[in-house]
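Working notes for the structure below.
The values are calculated or read from the model by the stated rules, or taken from the named source; none is laboratory data. Since we're looking at a predicted model, the values are computed, not measured. A quick note on method: Cβ atoms are made from the backbone with ideal geometry, for glycine too, and the neighbour counts reach across all protein chains shown.
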Amino acid sequence: MKSPKIVFRKNPEFTKCPSCGEFATLRKSKARTPWEQFVKKYTPFKYYRCKNCGWRGTIFTYKVTKTSIKNLAGYLFVALLAAYIIRIILKRFIIK
């Protein structure tokens, strides 16, 4: 059985341009300033340019689905439950 993924990486080059609405016209754009280099390297936003209309901007490169939110909530619940059980065990048997 395959493990469900929390987030999916999407390729914005196959999505539509935010400005003109044409499909498959976006291409990666180089970072021009130190701030843009920081954004490109340390955030999930990447710079793209439209070949059709010349629009240039950032696009979020991850896709979060309803199933992934449910999975994340389930993992968080299990982690909190385990932490609570460990706390009770430590209080009862070790810390007196």
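Against the condition under 17 Å from residue 10 (Cα atoms) and exposed (fewer than 13 other Cβ atoms within 10 Å of the Cβ), how does residue 93 come out, does it pass?
no
Inspect the range 64-78 for any residue being within 30 Å of residue 35 (Cα to Cα), touching a helix residue (DSSP H, G or I) at 6+ places or on another chain (Cβ under 6 Å) and in contact (Cβ under 8 Å) with a residue 24 or more places away in the chain and give the result as yes or no.
Looking for residues that are within 30 Å of residue 35 (Cα to Cα), touching a helix residue (DSSP H, G or I) at 6+ places or on another chain (Cβ under 6 Å) and in contact (Cβ under 8 Å) with a residue 24 or more places away in the chain, one finds none in the range 64-78, hence no.
Hey, among 19, 3, which residue is at pLDDT below 90 and either under 17 Å from the mean Cα position of the chain (by Cα) or among the polar types (S, T, N, Q) (or both)?
Within the list 19, 3, the selection yields 3.
Could you check the range 47-78 and list, in sequence order, the residues that are outside any strand (DSSP E or B), closer than 14 Å to residue 29 by Cα and among the aromatic types (Phe, Trp, Tyr)?
55
Among the residues of the range 39-96, write down those that are of a type in the set (Ser, Thr, Tyr) and in contact with a strand residue (DSSP E or B) (Cβ under 9 Å, 6 or more places away or on another chain).
43, 47, 48, 58, 61, 62, 65, 68
All but one of (1) surrounded by 12 or more Cβ atoms within 10 Å (Cβ to Cβ); (2) basic (Lys, Arg); (3) over 22 Å from the mean Cα position of the chain (by Cα) hold for residue 46, so report the exception by its number.
Only one criterion in (1) surrounded by 12 or more Cβ atoms within 10 Å (Cβ to Cβ); (2) basic (Lys, Arg); (3) over 22 Å from the mean Cα position of the chain (by Cα) is unmet by residue 46, namely (3).
Does the range 4-46 hold any residues that are part of a helix (DSSP H, G or I) and closer than 30 Å to residue 75 by Cα, and which are they?
Selection gives 12, 39, 40, 41, 42.
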